[in-house]
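Chemist: Here it is: the structure, laid out below.
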Amino acid sequence: MQSLEGHPVSHVLLQVAFIVSGLTFIGHALLTGEPDGERSARGADVTVVLMRLGPNDRTLVAPGQLVRLGVGVNNFGGNQAAHSVVLKVRLPEGLNLQSSVPSPTKVDGATVVWNIGTLPAHAFPETFELGLLVKGNAPADLSVSADVTFAEQEQNLQNTSATLILVVRPPAANLVLQSTLNAVALTLSEPIKFGLSVRNQGNITAEGAVLTAALPAGVRLQSATPPVSTVGGAPSWNFGDIEPGATRVVTCTISLESGLPAPQPGMPASRNNSLKFAFDTTSNTAESDPSDNHLEISKNVQLGGADLGVWLDVSGTEVAGELRIGKDVTYSIIYGNFGNKAATGASVSLRLAKGLSVMQVDRAPSRQSNDNSGGDLLEWDVGDIRVGESRLINCRVHVNSVPTGGSLTKASISFPGTDINPSNNGASVRWHAPTASQQTAPQAPKHVLWRNILLILTLLLFLMAFVLLLWRRSRRRT
């Protein structure tokens with residue numbers, strides 16, 4: 001039997017993979033708090049794992065392709081040795097055995113057998129590699145199974161078998177192009193860094209792969225890793241051959257010319273400042289889905305800076321928009337940074353309406369004051385706010401009174417820098433007191449009224465029956 005030479009690293013990685021799976025099992029037992037007595041009483045607990053090896057660890061294969069599979073057998077979960085351990089790997093009709101490491105004890109038709117012998121408890125896993133050739137007439141699905149048996153009684157039968165299904169497709173490459181450009185902001189103030197990736201999702205090598213970037217006017221490529229392969233013209237990168245499952249990555253840094261139009265602070269983006277980027281990847285190999293080779297991204301030029309926003313909500317009221325005197329309500333301040341730069345030294349304030357007194361705040365204010373012109377002013381020094389970060393402050397108040405024009409409460413947010421959209425730096429809510437009719441005692445639900453009426457009628461019927469009974473007795477006596 002021919003051995004799999006030239007893959008020493010994969011054998012080590014196979015050992016590591018199976019060791020990690022065993023340690024995960026032991027960690028699960030310890031975390032779930034299984035008593036030591038139960039673990040020691042478990043005995044042998046043999047597990048088999050089946051996986052594809054190599055840089056292409058996916059299950060997609062092609063006719064005529066050599067596939068390497070790895071099988072691992074361990075007794076990590078047991079506390080006693082397993083004896084007379086036998087591993088059997090069953091191959092489907094569409095696969096031919098080319099090589100194995102170590103050599104099997106015997107090959108019985110499509111079944112490869114290893115007599116492992118004794119497998120100590122908690123010992124390093126035994127690993128096996130198979131070199132399999134996909135036949136030209138192989139069916140669409142190839143199911144490979146591995147089973148292990150041993151002399152002792154197995155406590156966990158689901159661990160003693162494993163199955164791997166290989167999906168057979170016609171030989172073709174499939175280059176998939178992706179970019180992180182959508183996740184970054186195009187600003188005039190500083191360079192923009194983004195990534196491009198080309199992954200071969202096919203089942204054969206993409207030969208002579210090339211990536212090309214068409215940058216819009218006003219955009220300059222400052223640097224790239226790896227460097228571009230061309231001088232002048234559109235930037236391009238010659239990747240050479242990309243194996244199945246392998247990925248090539250390029251990191252680009254671009255800058256925008258100062259003459260490009262940018263929106264004014266607080267104004268929405270328009271088509272006039274939109275830039276269109278186009279990326280293409282090609283190879284000399286036929287592809288199963290060429291539509292993944294092209295990528296277009298349109299981005300608007302943005303002002304660089306923080307965009308702080310604040311919102312105000314009220315909860316704990318019976319009717320939206322109404323504040324009942326004597327009740328408690330909660331004002332919730334939601335604030336965050338929706339720009340493309342962090343904000344430093346930010347502060348949030350809440351100006352309560354007159355007639356509201358603070359009962360509880362889940363974050364103590366940095367300052368609290370009252371200038372007698374309105375209600376209390378609460379201020380928080382919230383510090384730095386990262387891009388995309390949002391926070392919440394809840395303030396519970398007691399309603400002592402409601403002004404005639406309504407109870408107006410305001411929230412605001414600010415920081416020492418320039419906000420690229422100051423329109424959302426403030427929020428307010430104005431709630432009114434209920435009308436006099438609405439403040440009367442609440443009426444009982446209709447079903448309660450009907451229940452009371454029926455109860456009264458029942459009592460009247462019993463009373464009438466009692467009176468009638470007394471009347472009949474009095475007539476008999478007379």
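The values are calculated or read from the model by the stated rules, or taken from the named source; none is laboratory data. What you are looking at is a predicted structure, and each value in this text was computed from that prediction instead of being measured. Don't worry about glycine lacking a Cβ; one is built from the backbone with ideal geometry, like all the others, and counts go over all protein chains shown.
Chemist: Just checking, how many residues over the stretch 297-322 are at pLDDT 90 or above and hydrophobic (A, V, I, L, M, F, W, C)?
Modeler: 7
Chemist: Something else: For ASP384, only one of the following conditions fails: (1) closer than 20 Å to ALA185 by Cβ; (2) part of a loop (DSSP other than H, G, I, E, B); (3) modelled with pLDDT of 90 or more. What is its number?
Modeler: Result: ASP384 fails condition (2) only.
Chemist: Which number in (1) at pLDDT 90 or above; (2) within 27 Å of the chain's Cα centre (by Cα) marks the one condition that GLY245 misses?
Modeler: Result: GLY245 fails condition (1) only.
Chemist: Contact list please: Cβ distance under 9 Å, first residue in the stretch 182-198 and on the phi < 0 side of the Ramachandran plot, second residue among the basic types (Lys, Arg) and surrounded by fewer than 18 Cβ atoms within 10 Å (Cβ to Cβ), pairs at least six apart or on different chains.
Modeler: VAL184/LYS193
Chemist: Now, a different point. Taking the residues in the stretch 59-106 that are surrounded by fewer than 15 Cβ atoms within 10 Å (Cβ to Cβ) and touching a residue at least 60 places away in the same chain (Cβ under 8 Å) as candidates, determine which candidate is farthest from ALA123 (Cα to Cα). Break it down into steps so the answer makes sense when it comes.
Modeler: Within the stretch 59-106, the first condition is being surrounded by fewer than 15 Cβ atoms within 10 Å (Cβ to Cβ), and the residues that meet it are 64, 66, 83-84, 93, 96, 102-103, 105-106.
Add one more test, that the residue is touching a residue at least 60 places away in the same chain (Cβ under 8 Å), and what stays is 64, 66, 83-84, 103.
Numbers: GLY64: 37, LEU66: 31, HIS83: 13, SER84: 16, SER103: 21 Å.
Per the stated criteria, the residue is GLY64.
Chemist: Check the stretch 378-386 and report whether any residue there is under 35 Å from the mean Cα position of the chain (by Cα) and among the aliphatic types (A, V, I, L, M).
Modeler: For the stretch 378-386, residues under 35 Å from the mean Cα position of the chain (by Cα) and among the aliphatic types (A, V, I, L, M): present.
Chemist: Would you check which residues across the stretch 112-126 are loosely packed, with under 15 Cβ neighbours inside 10 Å and part of a strand (DSSP E or B) and list them?
Modeler: Passing the criteria: VAL113, ASN115, GLY117, THR118.
Chemist: Could you say whether any residue in the stretch 137-158 is within 30 Å of VAL210 (Cβ to Cβ) and in contact (Cβ under 8 Å) with a residue 60 or more places away in the chain?
Modeler: No, the stretch 137-158 has no match at all.
Chemist: I would also like to ask the following. Please report, ordered by residue number, the strands (runs of 3 or more DSSP E) entirely within the stretch 294-371 with at least 1 residues that are touching a strand residue (DSSP E or B) at 6+ places or on another chain (Cβ under 9 Å) and farther than 23 Å from LEU392 by Cα.
Modeler: Numbers: elements: 294-302, 308-315, 328-337, 343-351, 356-361, 367-369.
Strands (runs of 3 or more DSSP E) meeting the threshold: 294-302.
Chemist: Would you check which residues across the stretch 426-477 are assigned to a helix (DSSP H, G or I), under 28 Å from GLY321 (Cα atoms) and either over 60 Å from the mean Cα position of the chain (by Cα) or modelled with pLDDT of 75 or more (or both) and list them?
Modeler: Selection gives nothing.
Chemist: Name the one entry in GLU152, GLU129 that is outside any strand (DSSP E or B) and surrounded by 15 or more Cβ atoms within 10 Å (Cβ to Cβ).
Modeler: None of the other options fit; the residue is GLU152.
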